[in-house]
1. Tell me which residues, restricted to region A:212-226, are crowded, with 16+ Cβ neighbours inside 10 Å and more than 17 Å from the chain's Cα centre (by Cα).
2. Could you list all residues from region B:1-59 that are more than 24 Å from B:Y237 (Cβ to Cβ) and of a type in the set (S, T, N, Q)?
3. Only one residue in A:G161, A:G223 is on the phi > 0 side of the Ramachandran plot and free of Cβ contacts under 8 Å to residues at least 40 places away in the same chain. Which one?
4. With respect to A:G126, is the statement that it is at positive phi and within 14 Å of another protein chain (Cβ to nearest Cβ) true?
5. Could you please find all residues in region B:37-63 being in a strand (DSSP E or B) and under 15 Å from B:R259 (Cα atoms)?
6. Looking at region A:27-44, I want the residues that are over 17 Å from A:T98 (Cβ atoms) and have a partner that is among the basic types (K, R) with Cβ atoms under 8 Å, at least 6 apart or on another chain. Which pairs are those?
7. Could you grab me the full set of residues in region A:239-256 that are small (G, A, S) and without any contact (Cβ under 8 Å) to a residue 24 or more places away in the chain?
8. Among the candidates A:G101, A:G95, A:G110, single out the residue that is away from chain B (no Cβ under 14 Å) and either in a loop (DSSP other than H, G, I, E, B) or within 14 Å of A:D150 (Cβ to Cβ) (or both).
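The values are calculated or read from the model by the stated rules, or taken from the named source; none is laboratory data. Treat the numbers as computed from the prediction; the structure is a model and nothing was measured. Please note: Cβ atoms are built from the backbone with ideal geometry, for glycine as well, and neighbour counts cover all protein chains shown.
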There are 2 protein chains.
Amino acid sequence: MLADVELPEPAFAWLPGPRVGIAGLRELAGVTGRPLLGTALKPMGLRPDRLAALCGLFARAGMDLIKDDHGLADHPFCPFEARVEACLRAVEDAGRETGRGVIYVPNLIGMPDRIARQLEFARAAGAKAAMISPMISGLPLLAQLASQPDGLPLFAHPAFGGVLRADPPALFGKLFRWFGADAVIFPHAGGRFAYSRETCGALAAALRAEHPCVRPAFPAPAGGIKVERVAELLEFYGSDAILLIGGSLYEGGEALFERTRALVERVARAAAEAVS
Amino acid sequence: MLADVELPEPAFAWLPGPRVGIAGLRELAGVTGRPLLGTALKPMGLRPDRLAALCGLFARAGMDLIKDDHGLADHPFCPFEARVEACLRAVEDAGRETGRGVIYVPNLIGMPDRIARQLEFARAAGAKAAMISPMISGLPLLAQLASQPDGLPLFAHPAFGGVLRADPPALFGKLFRWFGADAVIFPHAGGRFAYSRETCGALAAALRAEHPCVRPAFPAPAGGIKVERVAELLEFYGSDAILLIGGSLYEGGEALFERTRALVERVARAAAEAVS
């Protein structure tokens, strides 16, 4: 069991840490003083045009970021390049209407050379961040992408990390950040997964802890969070977090826009109350 | 817990399986009808010239293959390129004396781009195989290296796989082979690790099983095997195996050559008896 991990400062000569971290992602999103609000493109099986339509809807409803579901790879029904182009165009179109930018986060997956090409394509097409699953693709690849000059801020997805005999704060809170994740997605307590509140708190604290060599990274709690629990999350994580609410929004069916809009307003209101 | 895994044949359009497998590694080693015998370069901390001297000794004593310890990375005291050049020269020199080839297997580790350059260097320098730790470097990188036209046969080391909640025959016997390992190293029962004989037998069977799309791969039992146990290993694994005996040989101290020579003869004798 990997219970904890510490490394001396010289190790950070080759461990990049987050490219931009919390401050940089906040600047990209244009959001201060409250958590960022994000969602995921679901369900699996939709073509790029349908995912792009969802992007447009979420962007107009006020989301800060929209990420691919981590199951979205490079399937014949939804190739990476076509998806990224369509989704970026949709958030740009929405941005011209709303006057607000939205970060679309494509999922990188495949052999390392393919992932490098996906990242290059996404960046050239205008993406401001991307997502990777380090326990599938390898932590050294995360470090490589985080180190390259022409990269992007990276969201790290926990897929495959749950089968490790490793304490989640050590793996997701320390190693993921040290190897270069700007934001780390993990299952919040009480959702579909079995993490305790204590584990989630320790994980978030590790991501945001002061460190002499690397920037703080965003905790991004996710994993079946219900819209109704947003007040609890705001209180538990405070403002330096990215709240990822996906499936629960879709349960509204046709009312997806209204449901998203209400969530956005609830977060904004709670943040305003916390300030006053 | 990952208990088992099956994939339909179309998945093997992108899963390369072993480049040369058992038959190809046998051809490279020039060995038929008996297990291959290999050892590891130890202890950590030696410079390239000292490791090269060990290579020469093991080659003259009749080993079939000599692998880097998996802890050998790219340390200042033993840089990858200097080590590979020195060790290859040593086994070539020995080969001119003995008239027999020996396979030196360098350890690839680092970020994916660095590993690709290591492999390219090793191949250009004359290496006939290389080793990688897929659970550190990522299974997709193993598949990429196994797929590239100008690659090398690959030994897969189990490092970091022990922290997975995965049944060893599924992870090491199936996934490692499918993703491209020609030989898979694993801890034999009764050594420093806790695998049962049943687990080891199932793992070896999975590596050698007939498969419509991929070649069989060599089981390479290791992990603190005592020289004295070689008869048991020969009986347990039969001839299609690579027996890796490292630390136990070094316990002989000054008598390393004689001890290695005796082991080589014991394996040859046992194989001859099995045939007669």
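1. Residue satisfying the conditions is A:V214 alone.
2. none
3. A:G223
4. Against the criterion (at positive phi and within 14 Å of another protein chain (Cβ to nearest Cβ)), A:G126 does not qualify.
5. Hits for region B:37-63 are B:L37, B:G38, B:T39, B:A40.
6. From region A:27-44, the pairs are A:T32/A:R26; A:A40/A:K67; A:L41/A:K67.
7. Selection gives A:G252, A:G253, A:A255.
8. A:G101
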